[in-house]
1. Checking LYS116 against (1) out of contact with any helix residue (DSSP H, G or I) (no Cβ under 9 Å at 6 or more places or on another chain); (2) open to solvent by 20 Å² or more (accessible area, probe 1.4 Å); (3) modelled with pLDDT of 60 or more: exactly one of these is not met. Which one?
2. If I filter region 185-201 down to residues being modelled with pLDDT under 85 and either more than 16 Å from GLY145 (Cβ to Cβ) or in a helix (DSSP H, G or I) (or both), which single residue comes out as most open to solvent (accessible area, probe 1.4 Å)?
3. Restricting attention to region 163-184, which residues are within 13 Å of VAL150 (Cβ to Cβ), assigned to a helix (DSSP H, G or I) and of a type outside the set (S, T, N, Q)?
4. Of all residues in region 17-32, count the ones that are open to solvent by less than 60 Å² (accessible area, probe 1.4 Å) and modelled with pLDDT of 90 or more.
5. In this structure, does ASN152 turn out to be open to solvent by 30 Å² or more (accessible area, probe 1.4 Å) and either modelled with pLDDT under 85 or in contact with a Pro (Cβ under 8 Å, 6 or more places away or on another chain) (or both)?
Amino acid sequence: MELILIFSALKLELNSLVRKMKNRKILSSGEILIYEGLINNKKILLVVSGIGKENAETAAKFIKANFLDKNSSQNRHNFIEKIIIAGVSGALRKSFSIGDIIICKNIYFLYSDNKKIITNTNIHVSDRLNNFAITQHDCSSIYYGNLLTVNNIITDKAQKEFLNLEFSVDAVDMESYWLLNFLSSSKIPILCVRSISDNMKYNISPSYENLIKNAFVNYSKVIRFVLKNPSEIIKLVINGFNFRKACRSLHHFILALINTSSS
């Protein structure tokens with residue numbers, strides 16, 4: 001039976017898929033959360049890595065050692081056929097709407113060298129797309145574009161416009177580059193797909209990064225943040241609706257991939 005491995009940074013991004021799983025079991029519930037089960041008779045591993053470089057690297061190394069490496073003592077899942085890196089992202093192009101799907105062709109990491117911002121050597125993944133059945137789903141538009149991975153949430157509109165123009169990148173996240181950095185050597189077809197949760201019209205608050213710990217939302221911090229910053233309530237509500245819309249769009253797209261994938 002074909003096994004599809006799906007990565008995401010936040011548990012919230014995968015909740016709908018987790019609920020659809022039959023014969024669901026938790027393989028790991030510590031630093032890395034891993035679900036195994038069936039969706040439409042396809043065997044699925046859902047991996048929740050947590051946000052940022054360190055979590056992504058830890059999750060990728062764990063999966064590679066325990067599920068992908070031929071010499072692994074626990075290598076009972078060496079028949080993994082496909083890997084999908086999925087999640088929500090910020091848009092760097094004005095034309096994107098909430099819930100639009102970006103299939104990533106190149107993934108870059110941004111860093112600073114002698115005060116000049118440059119992009120590292122990119123990871124090219126478009127040659128792997130033929131191993132996936134890409135179909136238009138019923139919610140939003142689907143685009144092919146370039147993804148930028150950064151160390152901090154980018155909220156400033158002017159900075160987003162600069163990054164888009166300077167480096168020809170279309171969306172931004174905090175994990176994909178590091179996941180690909182460790183997983184691309186596995187020779188397994190990999191697809192990186194992002195759903196737009198904040199665009200050039202709806203920017204998230206710079207404080208929201210502190211409301212999320214590892215793979216989970218810190219709800220007590222959210223409440224304290226709102227009480228201390230009542231002016232942020234409307235933005236928080238808008239961001240919440242946008243996040244849910246992006247997740248629904250992502251779930252529809254992933255389910256379409258699973259449904260059209262060969263057994």
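The values are calculated or read from the model by the stated rules, or taken from the named source; none is laboratory data. If you're wondering where the values come from, they're calculated on a predicted model, not measured in any experiment. For neighbour counting, all protein chains shown are included, and Cβ atoms are generated from backbone atoms with ideal geometry for every residue, glycine included. Side chains are part of the model used for accessible areas, which takes the heavy atoms of the whole protein and leaves out ligands, DNA and RNA. Shrake-Rupley method; radii C 1.70, N 1.55, O 1.52, S 1.80 Å.
1. All conditions pass for LYS116, except number (3).
2. Going through the qualifying residues, I end up with LYS187.
3. Of everything in region 163-184, those that are within 13 Å of VAL150 (Cβ to Cβ), assigned to a helix (DSSP H, G or I) and of a type outside the set (S, T, N, Q) turn out to be LEU163, PHE167, TYR177, TRP178.
4. Total meeting the criteria: 3.
5. Numbers: open to solvent by 30 Å² or more (accessible area, probe 1.4 Å): yes; either modelled with pLDDT under 85 or in contact with a Pro (Cβ under 8 Å, 6 or more places away or on another chain) (or both): yes.
For ASN152, the condition - open to solvent by 30 Å² or more (accessible area, probe 1.4 Å) and either modelled with pLDDT under 85 or in contact with a Pro (Cβ under 8 Å, 6 or more places away or on another chain) (or both) - is met.
Results for (1) touching a strand residue (DSSP E or B) at 6+ places or on another chain (Cβ under 8 Å); (2) within 19 Å of GLU175 (Cβ to Cβ); (3) outside any strand (DSSP E or B); (4) modelled with pLDDT under 90, shown as yes or no for each residue.
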residue	(1), (2), (3), (4)
LYS64	no, yes, yes, yes
LYS70	no, no, yes, yes
GLU81	yes, no, no, yes
SER89	yes, yes, no, no
CYS139	no, no, yes, yes
